[in-house]
1. Considering (1) touching a helix residue (DSSP H, G or I) at 6+ places or on another chain (Cβ under 7 Å); (2) at pLDDT 95 or above, say which one residue 68 fails and leave the rest.
2. Here are the criteria: (1) assigned to a helix (DSSP H, G or I); (2) buried (at least 16 other Cβ atoms within 10 Å of the Cβ). Tell me which single one residue 175 does not satisfy.
3. For the range 78-108, what are the residues that are part of a helix (DSSP H, G or I) and out of contact with any strand residue (DSSP E or B) (no Cβ under 7 Å at 6 or more places or on another chain)?
4. For the list (1) farther than 23 Å from residue 193 by Cα; (2) modelled with pLDDT under 95, I need the number of the one condition that residue 43 fails.
5. Checking residue 234 against (1) surrounded by 14 or more Cβ atoms within 10 Å (Cβ to Cβ); (2) in contact (Cβ under 8 Å) with a residue 40 or more places away in the chain; (3) of a type outside the set (Asp, Glu); (4) assigned to a helix (DSSP H, G or I): exactly one of these is not met. Which one?
6. Mind checking whether some residue in the range 199-220 is farther than 25 Å from residue 16 by Cβ and among the hydroxyl-bearing types (Ser, Thr, Tyr)?
7. Check 61, 98 and return the single one that is of a type outside the set (Val, Ile, Thr), in contact (Cβ under 8 Å) with a residue 40 or more places away in the chain and in contact with a helix residue (DSSP H, G or I) (Cβ under 9 Å, 6 or more places away or on another chain).
Amino acid sequence: VLVDATGGRRPGLGTQQTAYGLVVAAREAERLVPAGTAVFMDWSAPAREPTFLYSVPVGGGRVLLEETCLARRPGLGPDLLAGRLRSRLLRAGAVPEGDEELVRITLDPLRPRGLAFGAAAGLIHPATGYSLADSLRLAPAVAAALAEGLRSGPAQAVRAARHVLWPPAARTVHTLRRFGLRALREMPGDRLPEFFELFFGLPGELQRAYTSGRTDVTGTMAAMTALFRAAPWRLRAQLAGCH
């Protein structure tokens, strides 16, 4: 049995999350974020094509700073993102130098024809870009399904592995998340900060259900419903696809 684990499809064609990062000395990062803290999304630099700052300590007295475009088709290029990150640093009086990091994640990859795993199998959260935790969690179960299925032949092994990867609940959740991706991609830039203020104001269990509950249909729907109810009418219209 051949398993495709070569990464996502549709490079340059699908909806992408892109980022440009610099690993800088902690003393330089402290001009932007408090020492020893991580920042998930800083939307404080408004622009027509919105991006946010992501910051996380990486050890050794260094901090990763990333300028990130969450979801766009096509994704923003590295030169534009690099310019914005360097401008942030310069405005704060920090030196914009360090090891570079480039990120390009296809959020809506094409469904594979054969058996695939990881990003190649679409194990990417369409609205966040997360995938590693699900891949690590599913790897032993997929391997076990393949080993058991091979006793009845390669075709049965592939069917068993696909069932582990994409049971009906996971397919339903993925469809709901694709709806969330479409809403983010089409949302006017000036409404994105408001949207995420509402999302991170939800109870923790609803946040976790939407970001990590791969087979939690009830939790995913509850999170989306709660956010819609909390949103003002102008944002509800956007989420419902009204323009």
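1. (1)
2. (2)
3. Of the residues in the range 78-108, the ones part of a helix (DSSP H, G or I) are 78-91.
Passing the criteria: 79, 80, 83, 86, 87, 89, 90, 91.
4. Every listed condition holds for residue 43 apart from (1).
5. It is condition (1) that residue 234 fails.
6. Yes - at least one qualifying residue is present in the range 199-220.
7. On the way: 61 fails: in contact (Cβ under 8 Å) with a residue 40 or more places away in the chain.
When all the criteria are applied, what remains is 98.
To keep it simple, each residue is scored yes or no on (1) more than 16 Å from the chain's Cα centre (by Cα); (2) of a type in the set (Gly, Ala, Ser); (3) not assigned by TED's automatic domain parsing to the domain that holds residue 96.
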site: 8; (1), (2), (3): no, yes, yes
site: 28; (1), (2), (3): yes, no, no
site: 41; (1), (2), (3): no, no, no
site: 46; (1), (2), (3): yes, no, no
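The values are calculated or read from the model by the stated rules, or taken from the named source; none is laboratory data. Worth saying up front: this structure is predicted, and the values here are computed from it rather than measured. Here Cβ is always computed from backbone atoms with ideal geometry, including for glycine, and neighbour counts include all displayed protein chains.
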